[in-house]
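S.K.: After the structure tokens below, expect a handful of questions from me.
The values are calculated or read from the model by the stated rules, or taken from the named source; none is laboratory data. Quick caveat: nothing in here was measured; it's all calculated off a predicted structure. Note: ideal-geometry Cβ built from the backbone for every residue, glycine included; neighbour counts use all protein chains shown.
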Amino acid sequence: MEQRGPSEPQAPPAPAPPQARPEFEVVPQPVAGTGGLTVEGLVKGFDQVTAVDRLTMAVRPGEILALLGPNGAGKTTTLLCLAGLLRPDAGMIAWDGRRLGVERSRQMALISETPEVYEMLTVWEHLVFVARSCKVDSSWPARAERLLERFDLTDKRDTLGDGLSKGMRQKLLIACAVLARTPVLLLDEPMIGLDPKGQRELRDLLVEIRGQGGAIVVSTHLLEYIDTLCDRIVILNKGRAILSGGLDEIRHQRNDRNLEDIFLEVTR
Ligand SMILES: Nc1ncnc2c1ncn2[C@@H]1O[C@H](COP(=O)(O)OP(=O)(O)OP(=O)(O)O)[C@@H](O)[C@H]1O
Ligand SMILES: [Mg+2]
């Protein structure tokens, strides 16, 4: 730390450094003492639209939260804000009670709606890239091989990203995100484009990750797929959470109706 004695000649005042723009502003209260991922008062607007409007939600380690809502409800925008790919206008995102800034991508891996892979890297090189950049433990090659097997990609190991079908790209991105072993996994419509076996494998993987204490947020329109999978739900409409909470509790309050019925009722 810089220390100056009293006799040292006074330097002319340095010009004030440009004020770093805060990553985004805190709107409501400080983080509650809950573990896991906490989002409070998240706001993101585009020119004419408030895509996410004061969204508050939480998902604990070992839980799957389903982010639901009609087209344009704000699901993708929320996930992009969480992953650090969009800058929120306001709100707070925290992990384990610690507010996260731009470095939050270290805590969260996002499998995005549009499966974009590196065209000039092979399948295996994608996994090497993730393993090195995320500094995963040295046992990763065996895990990576197993993920390729599960998603029927073993024979595509040396194929360039350019030569993969859409579903294969999606599977590769899932494998990369899972390999990174971030505490939070974000998935935006991950089932679209996956064949039935791929959908089953993904479901099994999510259950395994939950069992290992991962916190998962998955956005989807396939309500029957996640009805028996998710622990909590947030239903968005025009950027606002219109229903949120534990699925069992919500079901109980609504005469044990299934998720699809609940969704259709509240978004009517
Ligand atoms: N880059 C953008 N520029 C302007 N408006 C945008 C942009 N991205 C999203 N929006 C708007 O924000 C709102 C929320 O969009 P978003 O993509 O988050 O919805 P979604 O819930 O993911 O919908 P879907 O189910 O169709 O994927 C929409 O009104 C959309 O038109
Ligand atoms: Mg979307």
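S.K.: How many residues are more than 19 Å from A94 (Cβ to Cβ) and in a loop (DSSP other than H, G, I, E, B) if we restrict to region 32-72?
M.R.: Residues in region 32-72 being more than 19 Å from A94 (Cβ to Cβ) and in a loop (DSSP other than H, G, I, E, B): 8 in total.
S.K.: Under 28 Å from D152 (Cβ atoms), free of Cβ contacts under 8 Å to residues at least 60 places away in the same chain and more than 16 Å from ligand 2 (Cβ to nearest atom) - does that describe any residue in region 66-85?
M.R.: The answer is no; no qualifying residue exists.
S.K.: Another question, if that's okay. Which one of these does P88 not meet: (1) buried (at least 21 other Cβ atoms within 10 Å of the Cβ); (2) within 16 Å of ligand 2 (Cβ to nearest atom)?
M.R.: For P88, the failing item is (2).
S.K.: Here's a follow-up. Residue under question is L100, and the condition is that it be aliphatic (A, V, I, L, M) and within 18 Å of L42 (Cβ to Cβ); does it hold?
M.R.: So L100 fits the description; yes.
S.K.: Somewhere in region 191-202, is a residue away from ligand 2 (no atom under 16 Å from the Cβ), crowded, with 17+ Cβ neighbours inside 10 Å and of a type in the set (A, V, I, L, M)?
M.R.: yes
S.K.: If you go through region 106-154, how many residues are assigned to a helix (DSSP H, G or I) and not hydrophobic (A, V, I, L, M, F, W, C)? Step through it out loud before you land on a result.
M.R.: Step one: filter region 106-154 for residues assigned to a helix (DSSP H, G or I), giving 106, 123-133, 140-150, 154.
Those still in the list that are not hydrophobic (A, V, I, L, M, F, W, C) too: 106, 125-126, 132-133, 141, 143, 145-146, 149-150, 154.
The qualifying residues number 12.
S.K.: Quick one: in region 228-257, of everything that is in contact with a strand residue (DSSP E or B) (Cβ under 9 Å, 6 or more places away or on another chain) and assigned to a loop (DSSP other than H, G, I, E, B), which residue is farthest from L55 (Cα to Cα)?
M.R.: L229
One line per residue, one yes/no per condition, for (1) over 21 Å from E40 (Cβ atoms); (2) within 16 Å of ligand 1 (Cβ to nearest atom); (3) at pLDDT 95 or above:
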{"residue": "A73", "(1), (2), (3)": "no, yes, yes"}
{"residue": "A109", "(1), (2), (3)": "yes, no, no"}
{"residue": "C134", "(1), (2), (3)": "yes, no, no"}
{"residue": "E145", "(1), (2), (3)": "yes, no, yes"}
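S.K.: Have a look at V217, V178 and point out the one that is within 25 Å of R257 (Cα to Cα) and either part of a strand (DSSP E or B) or more than 16 Å from ligand 1 (Cβ to nearest atom) (or both).
M.R.: The match here is V217.
S.K.: So if I check each of D47, D53, which one is in contact with a strand residue (DSSP E or B) (Cβ under 9 Å, 6 or more places away or on another chain) and either of a type outside the set (F, W, Y) or under 20 Å from A177 (Cβ atoms) (or both)?
M.R.: D53 is the lone residue from the list that is in contact with a strand residue (DSSP E or B) (Cβ under 9 Å, 6 or more places away or on another chain) and either of a type outside the set (F, W, Y) or under 20 Å from A177 (Cβ atoms) (or both).
S.K.: What's the number of the condition R210 fails, among (1) outside the structural domain of Y225 (by TED's automatic domain parsing); (2) touching a strand residue (DSSP E or B) at 6+ places or on another chain (Cβ under 6 Å)?
M.R.: R210 satisfies every listed condition except (1).
S.K.: Under 7 Å between Cβ atoms, at least 6 apart or on separate chains: pull out the pairs that start in region 179-196 with a residue that is charged (D, E, K, R) and end on any residue that is more than 16 Å from ligand 1 (Cβ to nearest atom).
M.R.: Close Cβ pairs satisfying both conditions: R181/V136; D195/G167.
S.K.: Here is a follow-up. Which condition number in (1) part of a helix (DSSP H, G or I); (2) surrounded by 15 or more Cβ atoms within 10 Å (Cβ to Cβ); (3) within 16 Å of ligand 1 (Cβ to nearest atom) is the one that E260 fails?
M.R.: That leaves (2) as the condition not met.
S.K.: Something else now. Hey, among D227, D152, D231, which residue is more than 16 Å from ligand 2 (Cβ to nearest atom), surrounded by 15 or more Cβ atoms within 10 Å (Cβ to Cβ) and on the phi > 0 side of the Ramachandran plot?
M.R.: The conditions single out D152.
S.K.: Could you tell me which of the residues L67, L79 is at pLDDT 95 or above, in contact with a helix residue (DSSP H, G or I) (Cβ under 6 Å, 6 or more places away or on another chain), of a type outside the set (G, A, S) and closer than 22 Å to R203 by Cβ?
M.R.: Answer to the check: L67.
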